[in-house]
Structures are given as structure tokens and as C-alpha cells.
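Report on the structure given below.
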Amino acid sequence: MRVVLLGAPGSGKGTQAKRLVAKYGIPQISTGDLLREAVAVGSALGKEAKSYMDGGDLVPDSTVLGMVEERLRQDDCKSGYILDGFPRNTAQAEALDRMLGSLSMSLTVALSIDIPFEDLMKRLTGRRTCKSCEQMYNVYFTPSQKENACDKCSGELFQRDDDKEETIKKRLDVYSAQTALLIGYYHKKGILKSVVGTGNIDDIFKNICDIFDSK
Ligand code: AMP
């Protein structure tokens with residue numbers, strides 16, 4: 001199963017991707033996570049990416065493409081992968097097609113998780129992550145029992161730099177202007193499937209699995 005997960009920031013892509021990894025045993029390739037790791041270790045790539053990320057802009061395609069290709073060449077991607085947060089614009093989608101063609105790894109499905117735009121702001125501004133175990137919470141929908149402490153490990157909760165309100169607005173603008181076009185791109189290729197991303201997380205997961213299992 002070779003998958004592109006599409007959806008606005010806050011659509012729940014990352015959460016569903018983690019569950020899919022556990023069920024299907026294929027890796028999640030999140031360009032956002034790879035970039036945050038590069039920023040955390042202070043690599044040259046991370047230093048370049050940080051200012052774009054903090055401003056809610058896309059990191060240049062050349063940087064992201066190299067990173068994805070290197071990841072796709074690793075052995076664990078031979079039986080499939082879930083691309084999460086990549087591609088983000090048409091140029092990246094076209095480059096991905098070329099890359100996958102040369103690796104003989106073409107996509108099985110592009111799955112879009114659809115959420116009304118109004119819901120995204122609360123999902124994003126409310127998001128908190130545990131510093132120790134990375135468990136995610138949302139102060140509006142799924143708060144931890146004690147303010148700012150993880151229910152699982154008591155670790156401190158933090159808000160991602162790019163989940164601050166002004167950056168979120170920019171990220172959603174970038175999504176509307178660039179990433180939303182990919183729905184049409186994959187529809188034309190005949191590999192687009194969609195699920196409604198609001199409601200119970202287990203139900204959304206089941207709907208996604210039904211699509212995967214029919215492939
Ligand atoms: P995410 O966690 O996927 O929302 O990504 C967080 C930030 O990382 C984005 O706002 C971008 O600055 C950057 N980023 C992640 N994926 C990409 C990508 N495919 N192309 C360019 N920038 C990206």
C-alpha cells in the first residue's frame with residue numbers, strides 16, 4: 001500500500017497515519033516530523049528550514065524533495081509507505097511522480113481527510129504535545145486531566161511554535177492556495193479517495209481502513 005494522505009493542517013492526518021502504521025506495518029513519512037527533527041538536532045537543513053516553518057511558509061521544494069527521496073530509498077519502504085504532509089504543492093506532486101516512477105513504487109491511493117475550514121482553527125490552536133512521550137491533546141476537545149501535564153507520563157505539555165495563532169492563519173492560507181489543488185491533481189489521475197474527518201476518531205479510522213482494504 002503506497003499512500004499519500006491529503007488534508008489541511010489540523011485535519012487529523014498525523015493521528016490517523018500513526019494508527020495506519022500500527023495496523024498495516026508500513027512507515028509514516030511525515031515531512032513535518034522530519035523537518036522538526038532536523039531543526040531539533042540543529043543540522044544545516046534544519047537551520048535553513050526553521051525560519052520558513054516558524055513563519056508558516058513552505059520550506060523550499062528542493063530541500064524537501066531530497067529529504068523524501070532519501071527516506072523512500074530506505075528498506076522499510078519496500079512494502080509500502082504513508083506520505084503525510086507531502087506533497088504540498090503541484091511541483092512536489094509532479095516531482096514525486098517522477099521519483100516514484102524511477103523507483104518503480106507508484107501510488108496506490110491519495111486519501112483526502114475532509115474537514116470544514118471553521119473547525120481547523122480550534123483544532124490547531126488547541127493542540128498540545130507531551131515533551132516526553134509525544135502524546136497529543138487538545139485543550140478544547142481532548143484536554144489532559146491536569147492542566148499542562150500528560151495523563152500518561154506526567155510530562156510537560158507544549159504548543160508547537162507553528163501552532164500559534166498568526167502562524168496558523170498563514171499555514172491555512174498556504175494550504176488553500178497551494179495544497180488544496182492536489183485534490184484535483186489526484187482526482188485526474190483516478191486515485192483520489194475521500195473521508196469525512198469530523199466525528200469519532202475510531203469511525204474515521206474504520207472508514208479509511210475500508211478504503212485501504214478494498215485496494
Ligand atoms: P506539518 O507538520 O506537516 O504541518 O508541517 C509543519 C511545517 O513544516 C509546514 O508549515 C512547513 O513549513 C514545513 N513542511 C512540512 N512538509 C512540507 C513540505 N512537503 N513542503 C514544504 N514545507 C513543508
Once you put a point 7 Å from the Cα of Ser79 and another 7 Å from the Cα of Lys122, both along the Cβ direction, what distance in nm separates them?
4.0
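Taking square-rooted eigenvalues a ≥ b ≥ c of the alpha carbon gyration tensor, is the range 168-215 rounded, prolate or oblate, where a/c under 1.5 means rounded and, failing that, a/b exceeding b/c means prolate?
oblate
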Which value, in Å³ per residue, describes the convex hull spanned by the Cα atoms of the range 57-215?
147
Please state the Cα pair-distance histogram of the range 79-151 with 5 angstrom bins from zero: what percent is in each bin?
3, 12, 15, 16, 12, 13, 13, 10, 5, 1, 0
Evaluate the distance, in nm, between pseudo-label points positioned 7 Å from the Cα of Asp203 and of Lys164 along their respective Cα→Cβ axes.
3.7
Percent accessible area from carbon and sulfur atoms, the chain, protein chains only, probe 1.4 Å
50
Sites removed, the longest contiguous part of the chain containing no DSSP-loop chymotrypsin sites (Phe, Trp or Tyr not before Pro) with at most 15 other Cβ within 10 Å is 1-139
Anything over 30 Å Cα to Cα? Flag those among Lys164/Lys189; Lys50/Lys189; Lys152/Lys206, in the order listed.
Lys164/Lys189; Lys50/Lys189
Along the three principal axes, how long is the range 121-215 when you take its alpha carbons, biggest first, rounded to the nearest angstrom?
47, 33, 21
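Could you give the Stokes-Einstein D for the range 29-151 in µm² per second, using the C-alpha Kirkwood radius, 20 °C, 1.002 mPa s?
Details: Rh = 16.7 Å.
Answer from the Stokes-Einstein relation: 128 µm²/s.
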Low-density loop trypsin sites (Lys or Arg not before Pro), the range 71-155, at most 15 other Cβ within 10 Å, DSSP non-H/G/I/E/B, are Arg73, Lys78, Lys131, Lys146, Lys152
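Show me the ranking of peptides 105-113, 58-66, 195-203 by mean Cβ neighbours inside 10 Å, starting with the highest.
Numbers: 105-113: 18.8, 58-66: 16.0, 195-203: 13.6.
Going from most to least packed, we get 105-113, 58-66, 195-203.
The values are calculated or read from the model by the stated rules, or taken from the named source; none is laboratory data. Note that the structure is a prediction, hence the values are computed from the model and not measured. We place every Cβ from the backbone using ideal geometry, glycine too, and count neighbours over all the protein chains shown. Surface areas here come from the heavy atoms of the whole protein model, side chains and all, with no ligands, DNA or RNA. Shrake-Rupley method; radii C 1.70, N 1.55, O 1.52, S 1.80 Å.
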